[in-house]
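S.K.: Here it is, the structure, as structure tokens.
The values are calculated or read from the model by the stated rules, or taken from the named source; none is laboratory data. In this text the structure is predicted, and so the values were computed from the model without any measurement. No Cβ is skipped: glycine too gets one built from the backbone with ideal geometry, and neighbour counts run over all protein chains shown.
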There are 2 protein chains.
Amino acid sequence: MTAASQLASVLERVDADFDKSLERLFTLLRIKSISADPAFTGDCRKAADHLASDIATIGFDTKVLPTAGHPALIGKSNGAGPANKSGNGAHVLFYGHYDVQPVDPLDLWHRPPFEPVVTDHADGRKIIVARGAEDDKGQLMTFVEACRAWKNVTGALPLDVTILIEGEEEIGSKNFGPFLEQHKSDLKADFALVCDTGMWDQNTPAITTSLRGLVYEEVIIKAANRDLHSGIFGGGAQNPIRVLTRILGGIHDDNGHITIPGFYDGVKDLPPDIRKQWEKLNLTPDAFLKPIGLSLPAGEKDRLLIEQLSSRPTADINGIVGGYTGEGSKTVIPAQASAKISFRLVEGQDPAKIRKAFRDYVAARVPADCKVEFLDHAGAPAIALDWGMKPLAAAKRALTDEWGKDALLIGSGASIPIVADFKRTLGLDTVLIGFGLEDDNIHSPNEKYDLRSFHKGIRSWVRILAAFADTPR
Amino acid sequence: MTAASQLASVLERVDADFDKSLERLFTLLRIKSISADPAFTGDCRKAADHLASDIATIGFDTKVLPTAGHPALIGKSNGAGPANKSGNGAHVLFYGHYDVQPVDPLDLWHRPPFEPVVTDHADGRKIIVARGAEDDKGQLMTFVEACRAWKNVTGALPLDVTILIEGEEEIGSKNFGPFLEQHKSDLKADFALVCDTGMWDQNTPAITTSLRGLVYEEVIIKAANRDLHSGIFGGGAQNPIRVLTRILGGIHDDNGHITIPGFYDGVKDLPPDIRKQWEKLNLTPDAFLKPIGLSLPAGEKDRLLIEQLSSRPTADINGIVGGYTGEGSKTVIPAQASAKISFRLVEGQDPAKIRKAFRDYVAARVPADCKVEFLDHAGAPAIALDWGMKPLAAAKRALTDEWGKDALLIGSGASIPIVADFKRTLGLDTVLIGFGLEDDNIHSPNEKYDLRSFHKGIRSWVRILAAFADTPR
């Protein structure tokens, strides 16, 4: 029996059991697994334990394993599949992450972020609202629920599956490289699947074939040995906020170019045929920026908006703080000020070189009587996938079948450092498929996941697993 | 009997009662009268009530009076003085403020800020440590205790005194102008005294004859209608921290000049004779900046350090905040960012014009799809006193007698907006005398007041009151 012949029954089961799938997602969403904040270390552990027992109910051998940070879990379907004994099926390694972003500013949430609900979007769509509803709990559960449906209907999975879920993606997956190295032999597979990306739009599925890299730095400027009164010392004593704003304010020029020497070294222009394809996609400021209340592309003026968002490197200040930030006024010159700055990198840029270029740029601009300190929060190169790899075509067909619209191959502006690790450590290529939408508010208050994304996401994976099972390795 | 003949007994009483004076100061220091934070509104009221009853014990008629913000109090010595009936004595209006600055960052305090102690400075000086120890509770109590000593020894004050204490000096005295207007007839006097300034150094008393003005603005930049993921939106969507740092980073040029068009309009150069005097004072970076851990004057490169600090206008960013400021990293593009900026003004600059010039400067640099909002936290012009006014000479003699060193006439970089209001509303000139030192950490953690400043400050006022009483009006 081929997987294809069982497909209809499995899809039916997805529909019939959808309420239970949703309930299981809600249980996961209620766990406050914020990896960035040490106060939630116990909740991260809880999320790992919960997922391990949940996946065990589908017949996976699961274990929660320590890392230098939050734990990861590995589940193996050994013995549970393959259902079809044709021997053709690949062995896939599925990756997701149970950790979520911090929830501040909390006062902008319409409901408590860890009390998930299904509610109505302004335009009538049903949406699941909670921190992690999309990123990545909702997305990873589309795959888990697809496996469950296969198991429930056929007693097995259509191919061998290893599920790998980590808890530090939102803080740069720093400890995950060593973890992969350590568990290498347990993670053998033909290729990897990641469900942490988006669709092209509400109706058009997509496979992501390039990802930007990331360098995330914190810079701390220290001036006087204590806070000073700006009346007595103002004009004579250096102000670290002045130093910091002057440095950061100079990172972009009037045309949106980044001024750090060497920043664009190795960055290639789009191949003319790709640029032509992208031009056709017609991503206008009106379509992309209007929904978020903006109208002017902020990137390099001589580039398409879609290039600014996916094929060009960026610099963004993600946070800044110094001095008095309470209500009213205080005439203080603070002793220090700090900022968090991240760079999205594209193919050809080396994270270590970019970090050094930034640090040199800053250090050269700090007055001789001030000090500067740097913290390294993350670093990962950009990823470009092989458009010709076999599973891509199978997945594209399956997605097109489910959504009734041709699945697009697209570039993403986001960074998923793990993809580089899979290649480097495990020798695996990765297929990136996800059902997120631009208005999901991930990393923001009121994060949501379309109910349709969750439902058709599960159905998509059911189809993709069948397609992989029937594709010769 | 002249005041001078009673002076020795009154000074003796100050010394004998000093422990009690200190106890009374501690009682005031324990009240958490932080005017900037609405959470402490009750404490501000408590401070006003406490001072009113304390001053009443010296025979003042006192009343606590409402303003549009925190209450003020007026105490009048009517009937309590003058002790000498020569009829020569002036009527003085003494001003102080009971409100204090916020205490953050609290973790930098070595002790709780509202639990005053006398302790040892590293160099052996005895110091009083608490928020407000100097600014302005310690300073205003030097005057109150001087009045008490006169009353205790002679049964009366040597001249008529009105004490006026407000509770919003640290937040710009916004409601105090209307209050003065309303209580004008109750506040008649020959001149005003303010104890909120400093000495030249530990051994050299000073009278401040010029004060910088102040314009304090808050600027809020708003970009997208929500926080965004910097991977998905980075490069295409505007980042309000980028906008804010770019604008604020451009306020000073490489030479420390402020670039806001029209900022220096009306600013005069120092008269050559004053500049010569100031050069002689030899205020070196080593003497002034080294104690605070700095070495390079941060102001206009073509000016003396003492000019940068007192006769030249400044721009300082007192606070900035936007995006993620917690531990670790978050790849967010925030919806807004804000900063607090204050300008110290000198003679010739109009606060309203400076505020407008700043707002125009900012508005011209905000991208068309972002919004900017401004909050006005304070505005007051610079003050230059008449060096020839009579009480100045009397006060200078009294200070010189107490400290055994010639009292200097100096300019201060700080702003005391009330001085302009006294002139405008009450027609009064002000004599500014205080016993603060540069290392008092006012507005900072571990604020202190030298025990000697408190003690000799009381003695100084005892002498100054005698000198005023014996000076023909």
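S.K.: Pick out the one residue from B:ASP450, B:ASP439 that is within 14 Å of chain A (Cβ to nearest Cβ) and either charged (D, E, K, R) or free of Cβ contacts under 8 Å to residues at least 24 places away in the same chain (or both).
M.R.: Working: B:ASP450 fails: within 14 Å of chain A (Cβ to nearest Cβ).
Among B:ASP450, B:ASP439, only B:ASP439 is within 14 Å of chain A (Cβ to nearest Cβ) and either charged (D, E, K, R) or free of Cβ contacts under 8 Å to residues at least 24 places away in the same chain (or both).
Here is a yes/no grid of residues against (1) among the hydrophobic types (A, V, I, L, M, F, W, C); (2) assigned by TED's automatic domain parsing to the domain that holds A:LYS456:
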| site | (1), (2) |
| --- | --- |
| A:PHE179 | yes, yes |
| A:SER185 | no, yes |
| A:ASP190 | no, yes |
| A:MET199 | yes, yes |
| A:ASN203 | no, yes |
| A:ALA224 | yes, no |
| A:ALA237 | yes, no |
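S.K.: From A:LYS371, A:LYS340, grab the single residue that is over 22 Å from A:HIS252 (Cα atoms), touching a strand residue (DSSP E or B) at 6+ places or on another chain (Cβ under 8 Å) and outside the structural domain of A:ILE410 (by TED's automatic domain parsing).
M.R.: Result of the check over A:LYS371, A:LYS340: A:LYS371.
S.K.: Go through segment B:1-63 and tell me which helices (runs of 4 or more DSSP H), entirely inside it, have 2 or more residues that are within 20 Å of the chain's Cα centre (by Cα) and small (Gly, Ala, Ser). Spell out how you get there, then give the answer.
M.R.: Values: elements: B:3-16, B:18-29, B:41-56.
Helices (runs of 4 or more DSSP H) meeting the threshold: B:41-56.
S.K.: If I go through segment B:431-448 residue by residue, how many of them are buried (at least 21 other Cβ atoms within 10 Å of the Cβ) and under 14 Å from B:ASN203 (Cα atoms)?
M.R.: Result for segment B:431-448: 4.
S.K.: Please tell me if A:PHE374 is of a type outside the set (S, T, N, Q), touching a residue at least 60 places away in the same chain (Cβ under 8 Å) and either part of a helix (DSSP H, G or I) or closer than 22 Å to A:GLY177 by Cα (or both).
M.R.: Answer is no for this residue.
S.K.: I'm checking my understanding of the structure. Among residues of segment A:195-214 that are within 11 Å of chain B (Cβ to nearest Cβ) and in contact with a Pro (Cβ under 8 Å, 6 or more places away or on another chain), which one is surrounded by the most Cβ atoms within 10 Å (Cβ to Cβ)?
M.R.: Ranking the candidates gives A:ARG212 first.
S.K.: Tell me whether segment A:302-313 contains one or more residues that are under 30 Å from A:ALA223 (Cα atoms) and modelled with pLDDT under 95.
M.R.: Filtering segment A:302-313 for residues under 30 Å from A:ALA223 (Cα atoms) gives none.
No.
S.K.: What's the total number of residues in segment B:295-304 that are under 20 Å from A:VAL366 (Cα atoms) and either more than 7 Å from chain A (Cβ to nearest Cβ) or crowded, with 23+ Cβ neighbours inside 10 Å (or both)? Even if it seems obvious, please write down each step before you answer.
M.R.: Step one: of segment B:295-304, the residues under 20 Å from A:VAL366 (Cα atoms) are B:295-301.
Right, trim to either more than 7 Å from chain A (Cβ to nearest Cβ) or crowded, with 23+ Cβ neighbours inside 10 Å (or both) and you get B:297-301.
Adding up the residues that qualify gives 5.
S.K.: Hey, A:GLN182 hits all of (1) out of contact with any helix residue (DSSP H, G or I) (no Cβ under 7 Å at 6 or more places or on another chain); (2) modelled with pLDDT under 95 but one; which does it fall short on?
M.R.: Checking A:GLN182 against (1) out of contact with any helix residue (DSSP H, G or I) (no Cβ under 7 Å at 6 or more places or on another chain); (2) modelled with pLDDT under 95, the one that fails is (2).
S.K.: Just a yes or no: is a residue in segment A:273-282 assigned by TED's automatic domain parsing to the domain that holds A:GLY256 and outside any strand (DSSP E or B)?
M.R.: In the first step, residues of segment A:273-282 are kept if they are assigned by TED's automatic domain parsing to the domain that holds A:GLY256; the result is none.
Within segment A:273-282 (the criterion being assigned by TED's automatic domain parsing to the domain that holds A:GLY256 and outside any strand (DSSP E or B)), the answer is no, since none of the residues qualifies.
S.K.: Checking B:LEU309 against (1) hydrophobic (A, V, I, L, M, F, W, C); (2) at the interface with chain A (Cβ under 7 Å from one of its Cβ atoms); (3) free of Cβ contacts under 8 Å to residues at least 12 places away in the same chain: exactly one of these is not met. Which one?
M.R.: (3)
S.K.: Has segment A:253-272 got at least one residue that is of a type in the set (A, V, I, L, M, F, W, C), surrounded by fewer than 22 Cβ atoms within 10 Å (Cβ to Cβ), within 8 Å of chain B (Cβ to nearest Cβ) and in contact with a helix residue (DSSP H, G or I) (Cβ under 7 Å, 6 or more places away or on another chain)?
M.R.: No; the residues of segment A:253-272 include none that is of a type in the set (A, V, I, L, M, F, W, C), surrounded by fewer than 22 Cβ atoms within 10 Å (Cβ to Cβ), within 8 Å of chain B (Cβ to nearest Cβ) and in contact with a helix residue (DSSP H, G or I) (Cβ under 7 Å, 6 or more places away or on another chain).
S.K.: Moving on. Which of the residues belonging to segment B:149-178 are surrounded by fewer than 24 Cβ atoms within 10 Å (Cβ to Cβ), farther than 30 Å from B:ALA68 by Cα and not aliphatic (A, V, I, L, M)?
M.R.: Answer for segment B:149-178, where residues must be surrounded by fewer than 24 Cβ atoms within 10 Å (Cβ to Cβ), farther than 30 Å from B:ALA68 by Cα and not aliphatic (A, V, I, L, M): B:LYS151, B:ASN152, B:THR154, B:GLY155.
S.K.: Here's something else I'd like to know. Do we have A:GLY138 as part of a helix (DSSP H, G or I) and modelled with pLDDT under 95 here?
M.R.: no
S.K.: Quick check on segment A:184-192. Is at least one of its residues within 11 Å of another protein chain (Cβ to nearest Cβ) and in contact with a Leu (Cβ under 8 Å, 6 or more places away or on another chain)?
M.R.: Checked against the condition, which is being within 11 Å of another protein chain (Cβ to nearest Cβ) and in contact with a Leu (Cβ under 8 Å, 6 or more places away or on another chain), segment A:184-192 yields no hits at all.
S.K.: The conditions are (1) over 30 Å from A:GLY436 (Cβ atoms); (2) of a type in the set (Gly, Ala, Ser); (3) crowded, with 21+ Cβ neighbours inside 10 Å, and B:ALA287 fails exactly one of them. Which is it?
M.R.: Exception for B:ALA287: condition (3).
S.K.: Just to check your reading of the model, which residue among A:ARG242, A:ARG226 is within 21 Å of B:GLY293 (Cα to Cα), part of a helix (DSSP H, G or I) and of a type outside the set (A, V, I, L, M, F, W, C)? Working first, answer last.
M.R.: Working: A:ARG226 fails: part of a helix (DSSP H, G or I).
Only one candidate passes the filter, namely A:ARG242.
S.K.: What is the one condition in (1) hydroxyl-bearing (Ser, Thr, Tyr); (2) surrounded by fewer than 22 Cβ atoms within 10 Å (Cβ to Cβ); (3) in contact (Cβ under 8 Å) with a residue 60 or more places away in the chain that A:THR331 does not satisfy?
M.R.: In the conditions (1) hydroxyl-bearing (Ser, Thr, Tyr); (2) surrounded by fewer than 22 Cβ atoms within 10 Å (Cβ to Cβ); (3) in contact (Cβ under 8 Å) with a residue 60 or more places away in the chain, A:THR331 misses (2) alone.
S.K.: Of the numbered conditions (1) in a strand (DSSP E or B); (2) under 30 Å from B:SER329 (Cβ atoms), B:GLY231 fails exactly one; give the number of that condition.
M.R.: For B:GLY231, the failing item is (1).
S.K.: Another one. Tell me the residue from A:ALA122, A:ALA146 that is closer than 21 Å to A:SER453 by Cα, in the same structural domain as A:GLU23 (by TED's automatic domain parsing) and surrounded by 24 or more Cβ atoms within 10 Å (Cβ to Cβ), please. I'd like the intermediate steps shown before the answer.
M.R.: On the way: A:ALA122 fails: surrounded by 24 or more Cβ atoms within 10 Å (Cβ to Cβ).
Just a single option satisfies the conditions, and that option is A:ALA146.
S.K.: Would segment B:401-421 turn up any residue that is modelled with pLDDT of 90 or more and of a type in the set (S, T, N, Q)?
M.R.: no
S.K.: Scan segment A:367-423 for residues that are surrounded by fewer than 20 Cβ atoms within 10 Å (Cβ to Cβ) and within 14 Å of another protein chain (Cβ to nearest Cβ) and jot them down.
M.R.: Those that are surrounded by fewer than 20 Cβ atoms within 10 Å (Cβ to Cβ) and within 14 Å of another protein chain (Cβ to nearest Cβ): A:PRO367, A:ALA368, A:ASP369, A:LYS371, A:PHE374, A:LEU375, A:ASP376.
S.K.: Can I ask one more? Residues in segment A:229-252 that are within 28 Å of the chain's Cα centre (by Cα) and more than 7 Å from chain B (Cβ to nearest Cβ): how many?
M.R.: 1
S.K.: With the structure loaded, tell me whether B:GLY249 is of a type outside the set (D, E, K, R), without any contact (Cβ under 8 Å) to a residue 24 or more places away in the chain and in the same structural domain as B:VAL346 (by TED's automatic domain parsing) or whether it fails that test. Explain how you work it out, then say what you get.
M.R.: Values: of a type outside the set (D, E, K, R): yes; without any contact (Cβ under 8 Å) to a residue 24 or more places away in the chain: yes; in the same structural domain as B:VAL346 (by TED's automatic domain parsing): yes.
So B:GLY249 fits the description; yes.
S.K.: Within segment A:459-472, is there a residue that is among the polar types (S, T, N, Q), over 27 Å from A:LYS276 (Cβ atoms) and within 14 Å of another protein chain (Cβ to nearest Cβ)?
M.R.: Looking through segment A:459-472, none of the residues is among the polar types (S, T, N, Q), over 27 Å from A:LYS276 (Cβ atoms) and within 14 Å of another protein chain (Cβ to nearest Cβ).
S.K.: Looking at segment A:215-228, which of the residues that are surrounded by fewer than 24 Cβ atoms within 10 Å (Cβ to Cβ) and over 36 Å from the mean Cα position of the chain (by Cα) is modelled with the lowest pLDDT?
M.R.: A:ARG226
S.K.: Taking the condition of being facing chain B (nearest Cβ under 8 Å) and part of a loop (DSSP other than H, G, I, E, B), how many residues in segment A:314-348 meet it?
M.R.: 9
S.K.: Given the structure, is B:VAL362 within 7 Å of another protein chain (Cβ to nearest Cβ), closer than 30 Å to B:GLY235 by Cα, touching a residue at least 24 places away in the same chain (Cβ under 8 Å) and surrounded by 18 or more Cβ atoms within 10 Å (Cβ to Cβ)?
M.R.: No.
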